[in-house]
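Participant: Here it is: the structure, laid out below.
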Amino acid sequence: MTMKTICRVLLVVAACSALGIAQSKPESVPVDRFSHDLTEFIGRQLEAHVADIKSLSPLPDRVMNALTTGEFSWGAFMRSLASYSVISGKRELAGRNIPQFIGQIGLIESRQGGKTFAQLYGAIALISFGSDLRTNPVWQSLTHDEQQAWRSLLDPTRFYDRNTRHVINLPENYFGVAARIVAMDYKLGILSDKAFVDDVIDRAAKQFVDGNLYSDDGLPAGRFDRYSNEYARYVYMAAELVGRQDVMKALEPTLKTQMRTWWDLISPDGYGYPWGRSLGAISYMDTMEIVAFLGEHPQFRPASMLQLASAYYLAWQWLSHDVLPDRHLLNVFGYGRGNYSYINKEREWQQTSAFLGKVAGAQFGFERAMKAEGSQSIETRLQLPHVARFEYFRKGDRQFGVWLVRQPSVRFALPITAGTKPGTSDYLPAPYNFLNFAAPVERMLPTVTPFLELTDGRTIVASDGADEIEPSADGRSLHAVWKRWAVIGTKAGELVDPGIVADVTWTLKGTMLAREEIFTSKKQIEVRRMWMIVPTTAPVESNPPGAFEFRSSQGKLKVAFNASSGVVQSNLRATGDSPDGRGSQGAIPLILEFEQRNFSFLPHQPVTWTLTMTAESDAKSNEASE
């Protein structure tokens, strides 16, 4: 495909490059009006969904033409109804009695063997109407046999093994889910064994009680992402509900630290963690839930409630704009939108239900916090502090962390962590949130991190932590060394020593980020292919010698590359609606590739690859000030 043809193609998809929602006037909105509009919006969406459910027997396999057969689908829906009932004060919707309807939906999840989040959402739905089952309208609407079915639904041993004290074939964050379920069970009187409740909470809190400020969601591989924050909040909420002051005290360091990191990560449009699983809409939902939690727990706030409220408002703006008005669903599978494989077509309805429930649940705490603060308006522009620092997730034999940068006209987060699999595009050491740059979702692609295909058939990548990490004192550069590499196609955290050392230095000069990688070897090693990509959300503007320039409404990204030896080919390819072109917030129309084939690493003859990415921002949305 010629450059001219690519330009024509990209004119068609250029609109997909916008990653944010424009901030609207006025510059502040009244809290009461915002709360009213949000509640009314959720009510309209849920009313359409309830009206589309003609009967629960037989059970519809679609609602709003979206499949209902995915995990957590009915549990997420009943939680959304309950949380909406709490913030609106309504007990009826679309001709249905909400508590009775929830009671019957819970039986669906019970019969289908619903686990984890289905159970958590069931517990939240039930306790939303009161912890005294003698007066709880959901519980009182059930027969004795139906109440037993609900007890079965709320039994955490569906996924928590009491003997091994472990969640069954699940990541570590599910300990937080188990802790919240047992805490609500105990509060409701569903569970009377306090020793078991305490044991689950103690086990859930272990990583933090042991002194870790961040939780590894794939022990011992070093998977650190947005789940660490959610996990800590969940365990704290469980401990708080049952009065475990010791656990609450033990969690204070992690919550203070993680909230600061989240605040240093957040984008001007309210977007939080930019790498790893559950991105896109979930990251905006995270922001709303985190702000609500901080509203009720001011001791953990990294900023004032007024600043946090702006992030809450902007996250809501993005989410509400993402709802398809004709279908009352989030645009989860829109053109260019990528999702992790577990978010499949069967879970399209579940994603929307979870969104409505999370937001309604957050709104209850947010409203209380704003009233306690005496705040009557929300600023619609988010004022953020300048940031340039490195945060360690874990030190030791293998090190993990994230480089956080937010300056006028340039911002990014560069994590050094393990992913679900080695080489996953959105877990690699890449500058996520850099202008006009985005990673394809869950792809095995060398995203600003080379893959090396060796002649023995292995493909290795410098990821899954690093052997050495040395941040500069001023936060303007980062040095890391890999002697042990991850291997594509193996499990996360399984490392090999191929005899190659990668010495990488990232340096920020103004708005230019340079990545210099020096490869050395003590013996001759044959390489079939070494390649790296720079995916971009912007159309190409020009291709001057030795560089590429991409321009969007936010500004220009300049990319330049050079190698110390050998012939390195560059290639620009359009992705269309292929998986490589799907980002967490929108389309990635172009991928710039660099590759070198059939060469050797020779003893004491370093090979250097240098990549520079320069941001020229045009948009105020990329500015940070405080």
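Where a number appears in this text, it was derived from the coordinates with a stated rule and is not lab data. The shown structure was predicted, so the numbers you read here are calculated from the model rather than taken from an experiment. With ideal geometry, Cβ positions are generated from the backbone for all residues, glycine too; neighbour counts draw on all protein chains shown.
Participant: Taking a label point 7 Å from the Cα of E541 along the Cα→Cβ vector, which residues of the range 600-619 have an amide N closer than 12 Å to it?
Facilitator: Hits in the range 600-619 for E541 at 12 Å: 614-619.
Participant: When the chain is fully extended, how far beyond the present Cα-Cα distance does S600 get from T455, taking 0.36 nm per residue of separation?
Facilitator: So the chain would gain 51.2 nm between S600 and T455.
Participant: When the convex hull of the Cα atoms of the range 276-434 is projected onto a plane and the area is averaged over all directions, what value comes out in nm²?
Facilitator: Taking the Cα atoms of the range 276-434, their convex hull projects to 11.6 nm² on average.
Participant: Anything over 18 Å Cα to Cα? Flag those among K358/K421; K483/K523; K206/K249; K206/K421, in the order listed.
Facilitator: K358/K421; K206/K421
Participant: Per DSSP H run of n ≥ 4, the term is -39500 (n - 2.57); total these for the chain, divide by its residue number, and report the mean residue ellipticity at 222 nm rounded to 500 deg cm²/dmol.
Facilitator: The helix contribution divided over the chain gives -11000 deg cm²/dmol.
Participant: Using the Cα atoms of the range 194-291, I'd like the radius of gyration and the largest Cα-Cα distance, Dmax, both in angstrom.
Facilitator: Every Cα atom of the range 194-291 included, Rg and Dmax give 13.9, 45 Å.
Participant: So how far, in whole Å, is the C-alpha centre of the range 225-256 from the one of the range 452-504?
Facilitator: 33
Participant: Moving to a separate point now. Relative contact order for the chain: what is it in percent, counting Cα pairs under 8 Å that are at least 6 residues apart?
Facilitator: The value is 14 percent.
Participant: Using just the C-alpha positions of the range 421-482 as equal point scatterers, what log10 of I(q)/I(0) does the Debye formula give at each q in 0.18, 0.20, 0.21 1/Å?
Facilitator: Treating every Cα as an identical point scatterer, log10 I(q)/I(0) equals -0.75, -0.88, -0.94.
Participant: In the neighborhood of Q258, defined by Cβ-to-Cβ distances under 14 Å, what is the net charge if each Lys or Arg adds +1 and each Asp or Glu adds -1?
Facilitator: Computed value for this residue: -3.
Participant: Test of understanding: given the chain, find the longest segment containing no chymotrypsin sites (Phe, Trp or Tyr not before Pro) that are in a DSSP loop and have at most 15 other Cβ atoms within 10 Å.
Facilitator: Of all site-free stretches, the longest is 1-334.
Participant: Tell me whether the range 86-183 comes out rounded, prolate or oblate; compute the Cα gyration tensor, take square roots of the eigenvalues as a ≥ b ≥ c, and use a/c under 1.5 as the rounded threshold.
Facilitator: In terms of gyration-tensor shape, prolate.
Participant: Sticking with this one: Taking just the alpha-carbon atoms of the range 387-622, what radius of gyration and Dmax come out, in angstrom?
Facilitator: Considering the range 387-622 through its Cα atoms, Rg and Dmax are 16.8, 51 Å.
Participant: In a solvent-free Debye calculation with one equal scatterer on each Cα, what is log10 I(q)/I(0) for the chain at q = 0.05, 0.12 Å⁻¹, listed in the order of the q values?
Facilitator: Result of the Debye calculation: -0.23, -1.27.
Participant: Mind checking the full-extension length gain between M512 and Q569? Use 0.36 nm per residue of separation minus the Cα-Cα distance, one decimal, nm.
Facilitator: Here the segment from M512 to Q569 would lengthen by 18.2 nm.
Participant: As a test of the definition: which semi-axes, in Å, follow for the range 451-581 when you take the square root of five times each eigenvalue of its alpha carbon gyration tensor? Largest first, please.
Facilitator: One finds semi-axes of 28, 20, 16 Å for the range 451-581.
Participant: Based on alpha-carbon centroids, what's the gap between the range 372-439 and the range 295-347 in Å, whole number please?
Facilitator: 17
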